[in-house]
Amino acid sequence: MAGLFALAREDVLTSEHVVGVLDELVHAMTEAEFLIALPALRLAFAYFPPLERETIAERVLAHRGAPGSGRSLTRVTVDPLVVAEGMALDRRVDDLLVREGLA
């Protein structure tokens with residue numbers, strides 16, 4: 001994605017279609033795929049300054065028909081890596097519960 005962002009920055013910021021396709025690609029990832037892709041996604045989106053990331057977040061919300069503000073999505077107080085580690089831990093616990101017949 002970093003290459004796309006570098007070459008088509010204006011399209012990403014102005015085209016609802018481009019943001020919609022990107023959102024659908026990320027949304028289609030399994031949890032494991034997302035956790036693997038997360039560092040590269042963070043690096044790619046770091047290409048944009050904060051105001052432009054908010055614009056992209058607004059477009060994602062509009063694409064999904066979801067309420068909220070782009071600012072609320074881009075201003076988190078928890079380190080995203082901590083969240084990703086928590087998601088991975090949840091998956092391991094779920095797998096263990098299934099393996100032991102408890103879920």
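Per residue, the accessible area of the stretch 1-86 comes to 65 Å², computed with a 1.4 Å probe over protein heavy atoms only. Label-to-label distance for Ser69 and Leu41 is 2.3 nm, based on points extended 7 Å past Cα in the beta-carbon direction. For the chain, with all protein chains in place and a probe radius of 1.4 Å, 63% of the accessible heavy-atom surface sits on carbon or sulfur.
Taking every DSSP helix (H) stretch of at least 4 residues in the chain, weighting each as -39,500 (n - 2.57) and dividing the sum by the residue count yields a mean residue ellipticity at 222 nm of -23500 deg cm²/dmol. For the chain, the relative contact order is 26 percent, taking Cα pairs closer than 8 Å that sit 6 or more residues apart in sequence and dividing their mean separation by the residue count. Considering only the Cα atoms of the stretch 13-103, their convex hull presents on average a projected area of 7.0 nm².
The values are calculated or read from the model by the stated rules, or taken from the named source; none is laboratory data. This one's a predicted model, so the numbers in the text were calculated from it and none came from an experiment. Don't worry about glycine lacking a Cβ; one is built from the backbone with ideal geometry, like all the others, and counts go over all protein chains shown. Each accessible area value is taken on the protein alone, full model and side chains, heavy atoms only, with ligands, DNA and RNA left out. Shrake-Rupley method; radii C 1.70, N 1.55, O 1.52, S 1.80 Å.
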